[in-house]
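Engineer: This is the structure I want to talk about, given as structure tokens.
The values are calculated or read from the model by the stated rules, or taken from the named source; none is laboratory data. The model shown is predicted, which means the values in this text are computed figures rather than measured ones. Glycine gets a Cβ as well: all are built from the backbone with ideal geometry, and neighbour counts include every protein chain shown. For accessibility, only protein heavy atoms count, side chains too; no ligands or nucleic acids. Shrake-Rupley method; radii C 1.70, N 1.55, O 1.52, S 1.80 Å.
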Amino acid sequence: MLQCGYHGGMLASPFSRRIRRAILLMLAALVCLGLSACQRKQLVQREAFVFGTRVELLSVGSNPEATVSAMAEVLREFDRIHRNYHAWEPSELTRLADACRNGQPYPVSAELGTLLDKAGMLSARSEGLFDPGIGALVRLWGFHTDTFVPKLPDAAELARLVAARPGMRDIRVSGGQARCSNPAVSPDFGGFAKGWALDRAAAILHAKGIHDALINIGGNVMALGKKGDVPWQIGIQDPRGGGAIASLALLDGEAVGTSGDYQRYFELEGHRYSHLIDPRNGKPAEGTHAVTILMPPGPDAGLLSDADSKPIFVAGKDWRQLADKMGVQHVLRVDAEGRIAVTRAMLARLNFPANHGPDLVVD
């Protein structure tokens, strides 16, 4: 540390006093420069592979060591969530699915009980077009693996599961136990776990004093604060191209979720089958390539940004009516012909390339 002071002594000449003053001013300037260097904000980045996808954490701050430590805690939490609630590898969730199949009660942790409540809320909110209870249908189509075999499911088994109408309404939690009234129910949190993880990450970072960060879990994104003096900015992927349809600047606490048919899918005889299953017929939803939604800040912003994009995707041509019922105001949809439709609220937030714009604006 630089310290400046005057210690008594012989009277200095006016010339020497001018020199002393010049030296003191120079030293003071050096101190200020040193403090600015110490306080300059730095970008810290960490990446991992969790939830079967790439995870990226970015933060801008003046204490990189504390940021790195907080990010490590976030990644540990992601890994814990992934292991505890995996849909097909041994986990608390698969044990619950086994109990449902066998008609047995299952003792649930407080956290699992909360997630089951949220899953039921998400299903009711979407009028059943997104239901985490249809894991058996997802498995039947071959999406409970990391590699997908281009093969159609057995028609009789598909018809049986659709007729059974499995859903979160068939699970009740009381007294620390979950009971299923439908053996066809198989909970699968894959449709909202990444969004819930965004909320958990935000809580951890805030608790650690990190207030400027961007959390990206395979395209599910939440922004905290800013990137220095400017908002965090993301691109919305073209589902059939390598570039971005548009860019979007995010405000503090906002979250973005995208559901598309371009990541988890297989092709058979020229037809694409994605993992986004329509509970009404048990088949991969058609008519949509991608849906991106923006959720305002709130305690469940991440959860809702992840989950609510699914039923809007599944709804197809009726997407706008469902979005209105769900209260989702910011939506961009790419249909099966590649046409882009946006709500007016979303349009106001997007920046399109000069040579590209939405084909349809919906009031």
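Engineer: Under 8 Å between Cβ atoms, at least 6 apart or on separate chains: pull out the pairs that start in the range 249-271 with a residue that is under 23 Å from His330 (Cα atoms) and end on any residue that is among the basic types (Lys, Arg).
Structural biologist: Taking only residues 6 or more apart or on different chains, the pairs are Ala249/Arg349; Asp252/Lys226; Ser259/Lys310; Asp261/Arg272; Tyr262/Arg240.
Engineer: Also, I was wondering about something else. What are the residues in the range 117-160 that are surrounded by fewer than 17 Cβ atoms within 10 Å (Cβ to Cβ) and under 24 Å from Trp196 (Cβ atoms), if any?
Structural biologist: Asp117, Met121, Ala124, Glu127, Thr145, Asp146
Engineer: Right, next: With the requirement that a residue be more than 19 Å from Ala345 (Cβ to Cβ), over 15 Å from the mean Cα position of the chain (by Cα) and assigned to a strand (DSSP E or B), what does the range 241-265 give you?
Structural biologist: Across the range 241-265, the qualifying residues are Ala244, Tyr265.
Engineer: State whether one or more residues within the range 213-223 are open to solvent by 10 Å² or more (accessible area, probe 1.4 Å) and either out of contact with any strand residue (DSSP E or B) (no Cβ under 8 Å at 6 or more places or on another chain) or aromatic (Phe, Trp, Tyr) (or both).
Structural biologist: Looking through the range 213-223, none of the residues is open to solvent by 10 Å² or more (accessible area, probe 1.4 Å) and either out of contact with any strand residue (DSSP E or B) (no Cβ under 8 Å at 6 or more places or on another chain) or aromatic (Phe, Trp, Tyr) (or both).
Engineer: Any residue at all in the range 119-127 that's free of Cβ contacts under 8 Å to residues at least 60 places away in the same chain and among the charged types (D, E, K, R)?
Structural biologist: No.
Engineer: Continuing with this model, one more query. Out of everything in the range 66-88 that is small (Gly, Ala, Ser) and more than 21 Å from Thr145 (Cβ to Cβ), what residue ends up being surrounded by the most Cβ atoms within 10 Å (Cβ to Cβ)?
Structural biologist: Ala70
Engineer: Sort out which residues of the range 46-60 are assigned to a strand (DSSP E or B) and out of contact with any helix residue (DSSP H, G or I) (no Cβ under 7 Å at 6 or more places or on another chain), and write them in order of number.
Structural biologist: Answer for the range 46-60, where residues must be assigned to a strand (DSSP E or B) and out of contact with any helix residue (DSSP H, G or I) (no Cβ under 7 Å at 6 or more places or on another chain): Glu47, Phe49, Thr53, Arg54, Glu56, Leu58, Val60.
Engineer: Just one of (1) in contact (Cβ under 8 Å) with a residue 40 or more places away in the chain; (2) surrounded by fewer than 24 Cβ atoms within 10 Å (Cβ to Cβ) trips up Thr343, so point out which.
Structural biologist: (1)
Engineer: Can you name the residue in the range 286-300 that is surrounded by fewer than 23 Cβ atoms within 10 Å (Cβ to Cβ) and within 28 Å of Leu116 (Cβ to Cβ) and is also nearest to the chain's Cα centre (by Cα) among such residues?
Structural biologist: Applying the filter and picking the extreme gives Asp300.
Engineer: If Glu337 meets every condition in (1) surrounded by fewer than 18 Cβ atoms within 10 Å (Cβ to Cβ); (2) within 21 Å of the chain's Cα centre (by Cα); (3) over 17 Å from Gln237 (Cβ atoms) apart from one, which number is that one?
Structural biologist: (2)
Engineer: Something else now. Might you let me know whether the range 112-125 holds any residue that is at pLDDT 95 or above and in a loop (DSSP other than H, G, I, E, B)?
Structural biologist: For the range 112-125, residues at pLDDT 95 or above and in a loop (DSSP other than H, G, I, E, B): absent.
Engineer: Could you check the range 300-363 for strands (runs of 3 or more DSSP E) lying wholly inside it with 1 or more residues that are modelled with pLDDT of 95 or more and out of contact with any helix residue (DSSP H, G or I) (no Cβ under 8 Å at 6 or more places or on another chain)? So that I can check it myself, show each step before the final result.
Structural biologist: On the way: elements: 330-335, 340-343, 360-362.
The qualifying strands (runs of 3 or more DSSP E) are 330-335, 340-343.
Engineer: Turning to a different aspect of this structure: Does Lys208 meet the test of being touching a helix residue (DSSP H, G or I) at 6+ places or on another chain (Cβ under 7 Å) and among the charged types (D, E, K, R)?
Structural biologist: Working: touching a helix residue (DSSP H, G or I) at 6+ places or on another chain (Cβ under 7 Å): yes; among the charged types (D, E, K, R): yes.
Yes: the conditions hold for Lys208.
Engineer: Here is a follow-up. Are any residues in the range 89-111 open to solvent by less than 90 Å² (accessible area, probe 1.4 Å) and in contact (Cβ under 8 Å) with a residue 40 or more places away in the chain, and if so, which ones?
Structural biologist: Leu93, Leu96, Ala97, Ala99, Cys100, Gly103, Pro105, Tyr106, Pro107, Val108 - these are the residues of the range 89-111 that are open to solvent by less than 90 Å² (accessible area, probe 1.4 Å) and in contact (Cβ under 8 Å) with a residue 40 or more places away in the chain.
Engineer: Of everything in the range 45-65, what is over 16 Å from the mean Cα position of the chain (by Cα), open to solvent by 20 Å² or more (accessible area, probe 1.4 Å) and small (Gly, Ala, Ser)? Give them in sequence order.
Structural biologist: Passing the criteria: only Ser62.
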